[in-house]
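Notes follow once the structure below has been shown.
Readers should treat all values here as calculations from the given coordinates under stated rules, not as data from a laboratory. Treat the numbers as computed from the prediction; the structure is a model and nothing was measured. Cβ coordinates were reconstructed from backbone atoms using ideal geometry, including for glycine residues, and neighbour counts include every protein chain displayed.
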Amino acid sequence: MVRRIEDVREEQLEQIEEIENACFSLPWTRDQLKSQMKDPQHEFIAALEENGRVLGYVGMMHVLDEGYISNVAVAPEVRRQGIGQALIEELMARAEALDLAFVTLEVRCGNAAAIALYEKQGFVPVGRRKNYYDFPREDAILMTHFLK
């Protein structure tokens, strides 16, 4: 299924925006997604099929030795096929190459599949953000992967 993972290119933003809209109740705009594109403070990668179709993506901002995952999304019709795992593994390899001390993220407390994926990748719960999400209102579990 996944043929390659690469840095997001501007011409892929339309597909990424479609996945974003399908996955989140308050999706980011194309301009917000574009702001995540690779630069000295961001990693933004996509998993692609052989034909170039975007299957999923993940973004991370990093400051000093700290990484913060912004969004992780996989197209609904291709979930449970290892795409999210492949994206997180590649992102964590990049985090190690950047010599980050940790990478952290928030996840809806009711998103058991995502929590299981993150735990499998070495993230541990470190806190809770009360009423962090809207539509529906829900707490966020703060999870961190310590690299050092």
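The set of residues in the range 91-112 being surrounded by 12 or more Cβ atoms within 10 Å (Cβ to Cβ) and farther than 15 Å from TYR68 by Cα consists of ARG108, CYS109, GLY110, ASN111.
Contact annotation: residue pairs with Cβ atoms under 6 Å, 6 or more positions apart or on different chains, pairing a residue in the range 108-123 that is assigned to a loop (DSSP other than H, G, I, E, B) with a partner that is surrounded by 14 or more Cβ atoms within 10 Å (Cβ to Cβ) and of a type in the set (Val, Ile, Thr), are CYS109/ILE141; GLN121/ILE88. Those residues that are in contact with a helix residue (DSSP H, G or I) (Cβ under 7 Å, 6 or more places away or on another chain) and in a loop (DSSP other than H, G, I, E, B), I need them from the range 124-148; list them, please. Of everything in the range 124-148, just one residue is in contact with a helix residue (DSSP H, G or I) (Cβ under 7 Å, 6 or more places away or on another chain) and in a loop (DSSP other than H, G, I, E, B), namely LEU147.
Going residue by residue through the range 72-85, is there one that turns out to be buried (at least 20 other Cβ atoms within 10 Å of the Cβ), in contact with an Asp or Glu (Cβ under 7 Å, 6 or more places away or on another chain), touching a residue at least 40 places away in the same chain (Cβ under 8 Å) and not in a loop (DSSP other than H, G, I, E, B)? Checked against the condition, which is being buried (at least 20 other Cβ atoms within 10 Å of the Cβ), in contact with an Asp or Glu (Cβ under 7 Å, 6 or more places away or on another chain), touching a residue at least 40 places away in the same chain (Cβ under 8 Å) and not in a loop (DSSP other than H, G, I, E, B), the range 72-85 yields at least one hit.
Taking into account only those residues within the range 34-53 that are within 23 Å of GLU106 (Cβ to Cβ) and touching a residue at least 40 places away in the same chain (Cβ under 8 Å), which is surrounded by the most Cβ atoms within 10 Å (Cβ to Cβ)? So the residue we want is ALA47.
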